[in-house]
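Visitor: Below you'll find the structure I mean.
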Amino acid sequence: MYPLEEVLTWEAEMDDSLQQERQILAAYQWMKMDLTDRRAVLLQEDTIDAFSLDTVDQAILRVEELISERSVIIGEKEKAVQTMYQQWKQLLKG
């Protein structure tokens, strides 16, 4: 098992990292909402600009991929923190 100081340092770094990942995820979610709004505006115009619509659609798909990737990263980091806590909890009980 790792020394307590190392665990506390790791936990603090992981907390900072998770906070940063969540901020990035939130930014991607806002981007997706903005792009979705832009898409709706394009569809309401008298003549539909197919190129612009396609560009916005591609951007939405890419942002959705980034959201998915970021969600996986957050999940993995949260799982690592939970695992570490469980190991320490078992150590302290045992």
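Visitor: Using the beta-carbon distance between L8 and E69 and R0 = 25 Å, what value does 1/(1 + (r/R0)^6) give for FRET efficiency, to the nearest 0.05?
Guide: Efficiency computed from Cβ-Cβ geometry: 0.30.
Visitor: Still on this structure: How much area per residue is accessible in the chain when the probe is 1.4 Å and only protein heavy atoms are counted (Å²)?
Guide: Accessible surface, normalised per residue, equals 77 Å².
Visitor: For D49 and E76 in one chain, what is 0.36 nm times their gap in residues minus the Cα-Cα distance, to one decimal in nm?
Guide: Contour length minus the Cα-Cα distance gives 5.6 nm.
Visitor: Hey, in the GNM for the chain with a 10 angstrom Cα cutoff, which one of Q19, Q44, Q82 fluctuates hardest?
Guide: Answer for the Gaussian network model of the chain: Q44.
Visitor: Quick one: if you stick a label point 7 Å off each Cα along the C-beta vector at D34 and L18, how many nm between them?
Guide: For D34 paired with L18, the spin-label model returns 2.8 nm.
Visitor: Just going by the charge dipole of the chain, with Lys and Arg at +1 and Asp and Glu at -1 on Cβ, which of Q44, L91, W30 is farthest out on the positive end?
Guide: L91
Visitor: Residue by residue, what Karplus-based ³J(HN,Hα) values in Hz, rounded to whole numbers, does the stretch 42-58 have, using 6.51, -1.76 and 1.60 with θ = phi - 60° and x for Gly and Pro?
Guide: In residue order, the calculated couplings are 4, 6, 8, 6, 4, 10, 8, 7, 4, 5, 5, 4, 5, 4, 5, 4, 5 Hz.
Visitor: So, with a 1.4 angstrom probe, what is the percent of accessible area on the chain that is carbon and sulfur?
Guide: 55 percent
Visitor: I need the GluC sites (Glu not before Pro) found in the stretch 1-78, filtered to DSSP loop residues with at most 12 other beta carbons within 10 Å of theirs.
Guide: Answer in residue order: E45.
The values are calculated or read from the model by the stated rules, or taken from the named source; none is laboratory data. In this text, all values refer to a predicted model and were calculated from it rather than measured experimentally. Every residue, glycine among them, receives a Cβ derived from its backbone with ideal geometry; neighbour counts consider all protein chains shown. Heavy atoms of the whole protein, side chains included, go into the accessibility calculation; ligands, DNA and RNA do not. Shrake-Rupley method; radii C 1.70, N 1.55, O 1.52, S 1.80 Å.
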